[in-house]
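> Take a look at the following structure, please.
The values are calculated or read from the model by the stated rules, or taken from the named source; none is laboratory data. The shown structure was predicted, so the numbers you read here are calculated from the model rather than taken from an experiment. When we count neighbours, we look across all protein chains shown, and the Cβ atoms used for this are built from the backbone with ideal geometry, even at glycine. The accessibility values were calculated without ligands, DNA or RNA, using every heavy atom of the protein model including side chains. Shrake-Rupley method; radii C 1.70, N 1.55, O 1.52, S 1.80 Å.
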Amino acid sequence: MVLKVQDVQIKKSFASREESLMEMDSLREILEQHPLHFSFHDGKVLKLCPVRSEQTWALNIKRGILSVLQTAPESSAGAVVE
């Protein structure tokens, strides 16, 4: 599967409006630049295949988005879950 981040809106509550707009545009462009390929099976993200040039902070944000999408199957009584 592929996670593609688009139409990102980043809001900042301090600093001058002009500075924050230029900085936020740069952050938005970096987040939208590379789609993240990943494997998804039984409600879990098993593997990420990021582009080498992806910045760590941008990859971490995408990991956070994917973690919200994960689901765990309901455990039955007496089952062991690791």
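> Please name all residue pairs, on different chains or six or more residues apart, with Cβ atoms under 6 Å, provided the first residue is in segment 30-53 and is without any contact (Cβ under 8 Å) to a residue 60 or more places away in the chain and the second residue is aliphatic (A, V, I, L, M) and part of a helix (DSSP H, G or I).
Here the result reads I30/A58; L31/A58; V45/L66; P50/L59, each pair linking segment 30-53 to a residue that is aliphatic (A, V, I, L, M) and part of a helix (DSSP H, G or I).
> Output the number of residues of segment 5-28 satisfying the condition of being under 23 Å from V68 (Cβ atoms), surrounded by 10 or more Cβ atoms within 10 Å (Cβ to Cβ) and at pLDDT 80 or above.
4
> On to the next question. What residue, of L46, L36, L69, is open to solvent by less than 60 Å² (accessible area, probe 1.4 Å), at pLDDT 80 or above and not small (G, A, S)?
Details: L46 fails: open to solvent by less than 60 Å² (accessible area, probe 1.4 Å); L69 fails: open to solvent by less than 60 Å² (accessible area, probe 1.4 Å).
Answer to the check: L36.
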